[in-house]
Amino acid sequence: QVQLVESGGGLVQAGGSLRLSCAASGTIFSINIMGWYRQSPGKQRELVATMTNGGLTDYADAVKGRFTISRDNAKNTVYLQMNSLKPEDTAVYYCNFQRSAYRAWGQGTQVTVSS
């Protein structure tokens, strides 16, 4: 089992920045993918960004050029630096851990961007 603890959400004005962190603990093998998804009211959960332990990244088109994912494998922690935030980025952001068919989710952290 893997447990994920997120931090860093909050309220920010449009154009501002936030940094999310997610620390994983438990049974973690070296080959895995960690990342972020988000869900706003009335919408399905969607991919924001993911990163493999080897450094390969994947971003949603809506955040390319504004968000940057990074990770510290020694600390089993993944980060999401969010710049130039827009009101449409408002959502609950969930940390995700994947290893083969296994998936774990964090509890979610609210990000609210005011116009």
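Calculate, in whole percent, how much of the Cα-Cα pair population of the chain lies beyond 24 Å. Don't skip to the answer; put the middle values down first.
Values: 1236 of 6555 pairs.
Summing the P(r) of the chain above 24 Å gives 19 percent of all pairs.
If you count only protein heavy atoms with a 1.4 Å probe, what accessible area per residue comes out for the chain, rounded to a whole Å²?
On the way: 6050 Å² over 115 residues.
It amounts to 53 Å² per residue over the chain.
Could you give the size of the charge dipole of the chain about its Cα centre, using +1 on the Cβ of each K and R and -1 on the Cβ of each D and E, expressed in debye and rounded to the nearest 20?
80
Mind giving me the nanometre distance, one decimal, between the label points for Thr112 and Asp61, set 7 Å out from Cα along Cα→Cβ?
It works out to 3.1 nm between the two label points.
Find which of Ser40, Leu56, Thr77 sits farthest along the positive direction of the dipole of segment 30-79, computed with +1 on the beta-carbon of Lys and Arg, -1 on that of Asp and Glu, about the Cα centre.
Ser40
Quantify, in whole percent, the carbon and sulfur part of the accessible surface of the chain (1.4 Å probe; protein heavy atoms only). Can you show the working numbers first?
Numbers: 3000 of 6050 Å².
Solvent-exposed carbon and sulfur of the chain make up 50 percent of the total.
Any lysines with Cα under 26 Å of the Lys75 Cα? List them, leaving off those in the same chain fewer than 8 positions away.
Lys75 reaches Lys64.
Return the single residue from Ala74, Ala62, Ala23 with maximal mean-square fluctuation; model: Gaussian network over the chain, springs between Cα atoms under 10 Å.
Ala74
What chymotrypsin sites (Phe, Trp or Tyr not before Pro) in segment 10-115 are in a loop by DSSP, with at most 12 other Cβ atoms within 10 Å of the Cβ?
Of the chymotrypsin sites (Phe, Trp or Tyr not before Pro), the ones in loops of segment 10-115 whose Cβ has at most 12 other Cβ atoms within 10 Å are Phe29.
The values are calculated or read from the model by the stated rules, or taken from the named source; none is laboratory data. Quantities reported herein were computed from a predicted structural model and do not represent experimental measurements. Positions of Cβ are backbone-derived with ideal geometry, glycine not excepted, and every protein chain shown enters the neighbour counts. Surface accessibility is based on the protein's heavy atoms, side chains included, excluding ligands, DNA and RNA. Shrake-Rupley method; radii C 1.70, N 1.55, O 1.52, S 1.80 Å.
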